[in-house]
Amino acid sequence: MSEALLAGLLLGLAPGPMLALTVTQSLRHGARAGLRVAMAPLLTDLPIIAAMLLALDELARTRPVLGALALTGGAYLMYLAWETWRVTPPAAPEAAPPAGGLRRAVLTNFLNPHPYLFWLVVGGPLLLRAWHDAGAWAAGAFVGVFYVLLVGEKAGLALLVGRYRGLLRGGAYRWTLRVLALGLSLLALTLWWDGLGMLGVH
């Protein structure tokens with residue numbers, strides 16, 4: 001039980017593309033937009049978990065699919081990076097986030113191969129081990145702690161950035177978003193590299 005809780009704690013705090021997108025949306029459109037991004041895994045990960053648990057014994061056959069997904073996800077992250085780089089500082093904070101923010105976050109998470117890889121090679125085996133060794137309570141504790149931290153970390157960051165984004169104006173605002181854009185670009189390049197590796201290119 002304690003091992004499952006520790007695994008959920010450590011893995012739930014790991015950074016990734018959704019963290020960068022949470023900060024970007026919070027800076028551009030306020031805490032509400034960032035919170036929508038933070039909640040996206042709650043909508044997308046259940047089918048991912050189910051699919052990856054079923055595919056645990058077929059890793060070799062899923063690698064080309066994951067490779068193609070990584071290339072697609074990298075392209076989408078690069079598009080988000082370009083869009084973020086071109087943003088101009090707003091004259092005043094926007095009253096409400098634009099429509100489609102949650103849809104973008106859900107699409108980003110579905111196109112990000114990391115949840116698939118995580119539940120296939122890390123989370124899935126840990127979940128099954130906790131279930132077999134300590135029962136349903138341990139498995140539930142692992143998933144619960146993992147998602148409380150995964151979503152809670154991003155939600156807290158969204159509230160923090162949204163609360164103080166008014167301090168970032170002019171050049172500070174622009175360069176903060178450009179740093180985030182570079183971060184998204186690096187994540188995109190990482191996904192492309194991973195995808196090419198899964199396809200046997202390197």
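The values are calculated or read from the model by the stated rules, or taken from the named source; none is laboratory data. Keep in mind that this is a model prediction, so the values were computed, not measured. Cβ coordinates were reconstructed from backbone atoms using ideal geometry, including for glycine residues, and neighbour counts include every protein chain displayed. For accessibility, only protein heavy atoms count, side chains too; no ligands or nucleic acids. Shrake-Rupley method; radii C 1.70, N 1.55, O 1.52, S 1.80 Å.
Of all residues in the range 175-202, which are in contact (Cβ under 8 Å) with a residue 60 or more places away in the chain and of a type in the set (A, V, I, L, M)?
Once the filter is applied, which keeps residues that are in contact (Cβ under 8 Å) with a residue 60 or more places away in the chain and of a type in the set (A, V, I, L, M), the range 175-202 yields L177, L180, A181, L182, L184, L187, A188, L189, L191, L196, M198, L199.
Of all residues in the range 162-198, which are open to solvent by less than 40 Å² (accessible area, probe 1.4 Å), modelled with pLDDT of 80 or more and over 12 Å from A20 (Cα atoms)?
G162, G195, G197
Quick check on the range 130-143. Is at least one of its residues open to solvent by 20 Å² or more (accessible area, probe 1.4 Å), touching a helix residue (DSSP H, G or I) at 6+ places or on another chain (Cβ under 9 Å), modelled with pLDDT under 80 and closer than 19 Å to L191 by Cβ?
No: zero hits.
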